[in-house]
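Take a look at the structure below.
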Amino acid sequence: MTDNANFSLSGKDFQYPVLSGTVGPDVVDIRKLYGQTGAFTYDPGFTSTASCQSKLTYIDGDEGVLLHRGYAIGDLAEHSSFMEVAYLLLNGELPSADELSGFENTITRHTMLHEQLATFYRGFRRDAHPMAIMCGVVGALSAFYHDSTDIHDARQRMIASHRLIAKMPTIAAMAYKYSVGQPFLYPDNSLSYTGNFLRMTFGVPAEPYEVNPAVEKAMDRIFILHADHEQNASTSTVRLAGSSGANPFACIAAGIACLWGPAHGGANEAALNMLHEIGTPEKIPEYIARAKDKNDPFRLMGFGHRVYKNYDPRATVMQKTVREVFEALNVQDPVFETALRLEEIALNDEYFVEKKLFPNVDFYSGVILSAIGFPTSMFTALFALARTVGWVAQWNEMITDPDQKIGRPRQLYTGPTQREYLPVGSR
Ligand code: ACO
């Protein structure tokens, strides 16, 4: 039975249906609110607004639960592969063995970039941030792959999705190679998705590159942990851009731009920089005090989350993965000790406990990525690579949603009312 929410405004009563999903909070359907009452709702940051229906990802922030198509992130990270998760997000079900190998084969055969795109890279300065390059190159894909930009054609949409997932490692690796002045490496189709990415990033044409299986596994897991995360800022950006009918490559470029910010995808870079700045465990109290000081803009990077008010389940897997990578590579980095100690101190501090601030996925990912050999500037690029799967799945879901409309929020106008224009000499 559908429930109703009662609403009164200026002495008049209105009723709005309450919709229930399969799990999670109910939502009040206020689509008719403006038409009936002439009022808008005010919700900066969309903290109480469901912008769409989705079957992809479910988060219970209070319980620290993250499910993709119903499967727990811990199970996927432990037992699945990034390719399998990509298939799951795009198609709704886990693949059979044949479906998985067919999908891997398709993705593998789309990994090369149009040769002319290499010229495009050369237009960037060598010290360009990889995210700047990725925004530009991914946006430019629409100029190279005209045959997959008709968003009303389901086949073209799927080809564009496969192209984006497949080409992202090549694009990210080339952004890295360009910054260090090494030649671009073509993809090697005999390798796994993740192994191929590692080779294109760290290999050189002068010698064979051997993929370290422990690093490959850890990297694949990091990709799984970042594959999708409900209606976060970059995903909402992709949906908003797509709602106007923009082509998929342009939409994903918009998502990359949003992800770049330090409050979102840039947080792991910021978290690692912070850990280096802290340096030793003795200096932790000083930084904790700064994070708590209202007059200091400093925040503990990698702590807090808009949705998780309990431990971020991805951070649990990430912390375990740090240990595995350190063991496999025989790394001893004091920064990990600082991170563990900082977590312990913060989790016992009244300020962080009261505000329910826990480590998020970014707190440990920077530590692992730097142990693997990535410079901090590549961290967000790796996030973008993995999140492309979620973005394209969400974009496809949006295009086929019968309720979909162009996204067009309204506002509470607080500027001047209409006034008379005076010529410059009379002001
Ligand atoms: N350090 C210190 N204080 C914090 C932190 C932090 N990391 N995060 C939140 N707070 C405090 C705020 O000052 C605020 O205090 P107040 O109520 O006294 O004003 C309170 O906790 C609530 O914070 P908001 O900013 O209102 O929470 P919101 O949900 O809007 O922000 C966000 C979430 C942006 C992630 C925030 O916690 C933050 O800036 N964290 C650091 C950046 C970070 O790690 N981002 C990664 C997010 S995960 C991802 O994108 C994959």
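The values are calculated or read from the model by the stated rules, or taken from the named source; none is laboratory data. Everything numeric in this text was worked out from a predicted model, so none of it was measured. Cβ atoms come from the backbone with ideal geometry, glycine included; neighbour counts cover every protein chain shown.
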Residue list for the stretch 85-143, filter: more than 22 Å from the chain's Cα centre (by Cα), part of a helix (DSSP H, G or I) and of a type in the set (A, V, I, L, M, F, W, C): Ala97, Leu100, Phe103, Leu117, Ala118, Phe120, Ala143
Could you list, in sequence order, all residues of the stretch 43-57 that are within 16 Å of the ligand (Cβ to nearest atom), of a type in the set (Ser, Thr, Tyr) and in a loop (DSSP other than H, G, I, E, B)? Thr47, Ser48, Thr49
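Yes/no per residue for (1) of a type in the set (Gly, Ala, Ser); (2) over 23 Å from Asp401 (Cβ atoms); (3) out of contact with any Cys (no Cβ under 6 Å at 6 or more places or on another chain):
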| site | (1), (2), (3) |
| --- | --- |
| Glu230 | no, no, yes |
| Thr235 | no, no, yes |
| Ala241 | yes, no, no |
| Pro248 | no, no, yes |
| Cys251 | no, no, yes |
| Trp260 | no, yes, yes |
| Ala263 | yes, yes, yes |
Go through the residues of the stretch 254-266 one by one and say whether even a single one is closer than 17 Å to Val367 by Cα, within 14 Å of the ligand (Cβ to nearest atom) and modelled with pLDDT of 90 or more. no
Condition broken by Tyr413, with the remaining ones in (1) assigned to a loop (DSSP other than H, G, I, E, B); (2) surrounded by 14 or more Cβ atoms within 10 Å (Cβ to Cβ) satisfied: (2)
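Pull up the stretch 296-323, narrow it to residues that are among the aliphatic types (A, V, I, L, M) and near the ligand (Cβ under 9 Å from one of its atoms), then point me to the one that is nearest to the chain's Cα centre (by Cα). Break it down stepwise before answering.
Filtering the stretch 296-323 down to residues among the aliphatic types (A, V, I, L, M) leaves 300-301, 307, 315, 317-318, 322.
Applying the additional criterion that residues be near the ligand (Cβ under 9 Å from one of its atoms) yields 300-301, 307.
Details: Leu300: 20, Met301: 16, Val307: 14 Å.
Among residues in the stretch 296-323 that are among the aliphatic types (A, V, I, L, M) and near the ligand (Cβ under 9 Å from one of its atoms), the one nearest to the chain's Cα centre (by Cα) is Val307.
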Among the residues of the stretch 214-228, which ones are touching a residue at least 60 places away in the same chain (Cβ under 8 Å) and either of a type in the set (Asp, Glu) or surrounded by 22 or more Cβ atoms within 10 Å (Cβ to Cβ) (or both)? Ala218, Met219, Asp220, Arg221, Ile222, Phe223, Ile224, Leu225, His226, Ala227, Asp228
Suppose we filter Trp391, Trp395 for residues that are assigned to a helix (DSSP H, G or I), surrounded by 24 or more Cβ atoms within 10 Å (Cβ to Cβ) and away from the ligand (no atom under 16 Å from the Cβ); which single one remains? Trp395
Unique residue being buried (at least 19 other Cβ atoms within 10 Å of the Cβ) and part of a loop (DSSP other than H, G, I, E, B) when the list is Pro187, Pro169: Pro187
Go through Val18, Val27 for me and flag whichever is of a type in the set (A, V, I, L, M) and crowded, with 16+ Cβ neighbours inside 10 Å. Val27
Regarding Leu357, is this residue in contact (Cβ under 8 Å) with a residue 12 or more places away in the chain, within 14 Å of the ligand (Cβ to nearest atom) and touching a strand residue (DSSP E or B) at 6+ places or on another chain (Cβ under 6 Å)? yes
Those residues that are of a type in the set (D, E, K, R) and modelled with pLDDT under 95, I need them from the stretch 142-156; list them, please. Asp147, Asp150
Out of everything in the stretch 347-371 that is aliphatic (A, V, I, L, M) and surrounded by fewer than 22 Cβ atoms within 10 Å (Cβ to Cβ), what residue ends up being farthest from Ala172 (Cα to Cα)? Val353
